[in-house]
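The values are calculated or read from the model by the stated rules, or taken from the named source; none is laboratory data. Quantities reported herein were computed from a predicted structural model and do not represent experimental measurements. Reconstructed Cβ throughout: ideal geometry from the backbone, glycine too, with neighbour counts over all protein chains shown. Only protein heavy atoms, including side chains, enter the accessible area calculation; ligands, DNA and RNA are left aside. Shrake-Rupley method; radii C 1.70, N 1.55, O 1.52, S 1.80 Å.
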Amino acid sequence: MVERWCAATPHGFTFDVKLHQLFSFHSTSAKLLPPDLQNRVETDAKGKVKPTRDVHEALLRIFLRAAAIFRSAGKMGVLLLQLSPAFSPRKHELNELESLIEMLNGYELAIEFRNRNWVIGDQLQSTIDFVRKHGAIFVNVDAPASDHFTVMRSDVDEVTNSNAAYLRLHGRNAKAYISGKTVAARFDYDYKEKEIEEVAKRSRKLAKEAGDVHVIFNNNNLDYAPRAALRLRKALGQIVNPPAETFELF
């Protein structure tokens, strides 16, 4: 599959790849692991994997075989670690991420915190310092205006690795983000033109400090994300004419 992706995409196209949820402190069912690992892991009474370094290393070996194909094709972008909101300063320490960072040495790793308390008050600087010290990429976000602990601040623009900056856009629908039952419901938001200009401004700001800027639209209901990406490219002067639309047959 990865070989087909590489063959089907144009020269210069790169893939950012999200790491498996087991690495990001999410509760993970054994059935979500690769088949040859499912019967080798220890689980609790609910069938949830008990994460150990051995399990992480085994899963990572499988994952990196596919990542090596991206690399050999010159299409490996950034690896995204999107942490669970349960990974909080109250229950966890940043140094719990160090073993994974070490195992991914040689790859560009972007870390997205999803518990707001990592970027509040004095904790913000400690978080940024940790990510910078380890050569990782801090994921800046665009999110709804809310103080809910799962909603990250949108007024943080940090570059912790001069090779790349990262901006991930989740839309601005606060009610849906917090209470939505599906992915499409949570990120149901169509960016307005003024907001696209705001994103373009932030992107240019990040580009002053980083070689590459990865701007990822995660407002993934309907076609909102690809349309927003095209509009942002126009706002940044990257393209003038969007691709022709295909006529609907029904």
Task: Alpha-carbon centroid distance for the pair segment 77-94 / segment 183-212, whole angstrom - done: 22 Å
Task: Net lengthening on full extension, GLU57/GLN238 (0.36 nm per residue, minus Cα-Cα) - done: 61.2 nm
Open item on the list: Roughly how far apart, in whole Å, are the Cα centres of segment 30-60 and segment 107-138?
Closed with: 27 Å
Task: Principal semi-axes in Å for segment 32-149 [√(5λ), Cα gyration tensor, largest first] - done: 27, 21, 13
Open item on the list: Run lengths n ≥ 4 of DSSP H only: what is the helix-derived mean residue ellipticity at 222 nm for the chain, with -39500 (n - 2.57) per run over all residues, to the nearest 500?
Closed with: -10000 deg cm²/dmol
Task: Unit charges on C-beta of K, R, D, E only; dipole of segment 141-250, Debye - done: 100 debye
- [ ] Among DSSP beta bridges lying fully in the chain, give the percent that are antiparallel, nearest 5.
- [x] 10 percent
Task: Karplus-derived 3J(HN,Hα), 6.51/-1.76/1.60, for each residue of segment 175-186, Hz, glycine and proline x - done: 4, 5, 4, 7, 10, x, 8, 10, 4, 4, 5, 5
Task: For the chain, size of Cβ-based charge dipole, Lys and Arg +1, Asp and Glu -1, in debye - done: 300 debye
TODO: Find the accessible area per residue for the chain; the probe is 1.4 Å, ligands and nucleic acids are left out, and the unit is Å².
DONE: 56 Å²
- [ ] May I have the count of lysine pairs in segment 1-140 with C-alpha atoms under 25 Å apart, counting pairs 8 or more residues apart or located on different chains?
- [x] 13
Open item on the list: Can you give the FRET efficiency to the nearest 0.05 for ASP147 and GLN125, using r as the Cβ-Cβ distance and R₀ = 25 Å?
Closed with: 0.80
- [ ] Take a quick pass over segment 169-210 and tell me how many lysine pairs come in under 23 angstrom between Cα atoms, counting only ones 8 or more apart or on separate chains.
- [x] 6
Task: Distant-in-sequence amide H partners of LEU80 (H built 1.01 Å from N, under 5 Å) - done: VAL17, LYS18, LEU19, ALA110
Open item on the list: Given axes a ≥ b ≥ c from the Cα gyration tensor, I'd like to know whether segment 117-230 is rounded (a/c under 1.5), prolate (a/b larger than b/c) or oblate.
Closed with: oblate
TODO: Give the whole-number value, in cubic angstrom per residue, of the convex hull volume spanned by the C-alpha atoms of the chain.
DONE: 168 Å³
